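Peer 1: Next up is a structure, given as structure tokens.
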Amino acid sequence: MGLFKNYVSQTRKPEGILGKMMLQGMNSGHAKMADWGLGHLQSIDPENIVDLGCGGGRNAGELLRKYPKARVTAIDYSELSVEKAKEYNQAMITAGRCCVQQGDVSSLTLPEESYDLATAFETIYFWPGLTQCFSQVAKVLKPGGYFMICNESDGTDATSLKFEKIIDGMKNYTVEDITAALKEAGFSKVKTDHHKKKPWITVLAKK
Ligand SMILES: C[S@@+](CC[C@H](N)C(=O)[O-])C[C@H]1O[C@@H](n2cnc3c(N)ncnc32)[C@H](O)[C@@H]1O
């Protein structure tokens with residue numbers, strides 16, 4: 001595998017030295033888009049949150065700052081992401097407000113009907129089957145709980161389609177694809193937004 005392909009493939013499951021570099025880059029590189037996404041959470045006050053595919057843990061940290069009374073569980077199937085997210089959120093872990101666990105979104109072992117909010121930033125491209133994974137998210141959300149997805153790709157932009165050809169197992173989705181899978185997985189209301197200038201999307205679904 002060429003170095004470039006190897007490096008960009010670290011977005012799917014960070015491992016080794018290149019994975020470490022990628023995690024550092026993701027925390028800063030996704031910040032603007034993630035903050036734009038977080039701005040869509042206006043009328044809810046969640047107590048128990050889960051961030052899925054947490055990567056380096058920056059967005060879990062932002063959720064803890066946005067909701068000072070909340071507790072955040074951060075999940076990732078990469079050992080390295082878990083390590084980095086723990087390091088990033090160490091103070092909050094010590095304070096008992098954050099917990100980082102290794103886990104796969106396609107078979108979540110979290111307690112059922114326990115979370116008010118689940119978030120997924122820049123990660124669903126790699127999930128093995130949207131409907132199956134969204135059903136797992138629905139399973140751990142409380143009735144009336146919310147699931148927010150934020151992607152830098154709206155499923156049609158040239159850059160992301162190029163990366164889809166390079167990174168094995170990556171798939172870009174349109175808001176229509178995501179909405180259909182959410183409905184199939186049992187979510188009732190789905191609201192979507194597209195950034196005015198960039199191909200960024202936010203999808204907010206209610207269980
Ligand atoms: C591009 S990174 C995004 C990380 C972070 N959410 C952010 O916005 O910076 C994708 C992350 O999703 C994780 N991931 C991908 N598929 C997963 C799955 N099935 N279960 C858990 N984590 C997954 C990867 O290990 C990686 O850390």
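Peer 1: Could you state the principal axis extents of the C-alpha atoms in region 142-203, from the largest down, to the nearest angstrom?
Peer 2: Cα extents, longest axis first: 38, 28, 17 Å.
Peer 1: If you take the square roots of the eigenvalues of the alpha-carbon gyration tensor of region 115-168 and sort them as a ≥ b ≥ c, do you get rounded (a/c under 1.5), prolate (a/b over b/c) or oblate?
Peer 2: It is prolate, given that a/c is not under 1.5 and a/b is the larger ratio.
Peer 1: Multiply the residue gap between Arg97 and Lys183 by 0.36 nm, knock off their C-alpha separation, and tell me the result in nm, one decimal place.
Peer 2: Length difference between fully extended and current span is 27.8 nm.
Peer 1: At 222 nm, what value in deg cm²/dmol follows for the chain if DSSP H runs of at least 4 each add -39500 (n - 2.57) and the sum is divided by all its residues, to the nearest 500? Before the final figure, lay out each step's value.
Peer 2: On the way: 9 runs with 82 residues, N = 207.
Result for the chain: -11000 deg cm²/dmol, rounded to the nearest 500.
Peer 1: Beyond 19 Å, how much of the Cα-Cα pair distribution for region 1-101 remains, as a whole percent? Please report the intermediate quantities before stating the final value.
Peer 2: Working: 2105 of 5050 pairs.
Tail of P(r) above 19 Å: 42 percent of Cα pairs.
Peer 1: Sticking with this one: So what's region 47-100 giving for Cα Rg divided by 2.2 N^0.38 Å, two decimals? The partial results should precede the final answer.
Peer 2: Working: Rg = 9.6 Å, N = 54, 2.2 N^0.38 = 10.0 Å.
My calculation over the Cα atoms of region 47-100 gives 0.96.
Peer 1: Let me ask something else about it. Hey, could you pull the Cα Rg and Dmax for region 43-161, both in Å?
Peer 2: When restricted to Cα atoms, region 43-161 yields Rg and Dmax of 13.8, 43 Å.
Peer 1: Still on this structure, I have one more. Calculate, in whole percent, how much of the Cα-Cα pair population of region 96-207 lies beyond 17 Å.
Peer 2: 54
Peer 1: Could you check the spin-label model distance between Lys196 and Thr159? Points 7 Å from the Cα along Cα→Cβ, value in nm.
Peer 2: 1.9
Peer 1: Oh, and also: So if we plug the beta-carbon distance of Glu15 and Lys142 into 1/(1 + (r/R0)^6) with R0 = 41 Å, what FRET efficiency do we get, rounded to 0.05?
Peer 2: Here the calculated transfer efficiency is 0.75.
Peer 1: Averaged over all directions, how much area does the convex hull of the C-alpha atoms of the chain cover when projected, in nm²? Can you show the working numbers first?
Peer 2: Values: hull surface 42.2 nm².
Directional mean of the projected Cα hull area for the chain stands at 10.5 nm².
Peer 1: By counting other Cβ atoms within 10 Å of each Cβ, how are Cys99, Cys54 ranked from fewest to most?
Peer 2: Exposure proxy ranking, most exposed first: Cys99, Cys54.
Peer 1: Can you order the peptides 38-50, 112-124 by their average number of other Cβ atoms within 10 Å per residue, highest first?
Peer 2: The peptides rank, most packed first, as 112-124, 38-50.
Rule-based calculations on the coordinates, nothing more; no lab input. None of the values given here were measured: they were computed from a predicted structure. All Cβ positions, glycine included, derive from the backbone under ideal geometry; neighbour counts span all protein chains shown.
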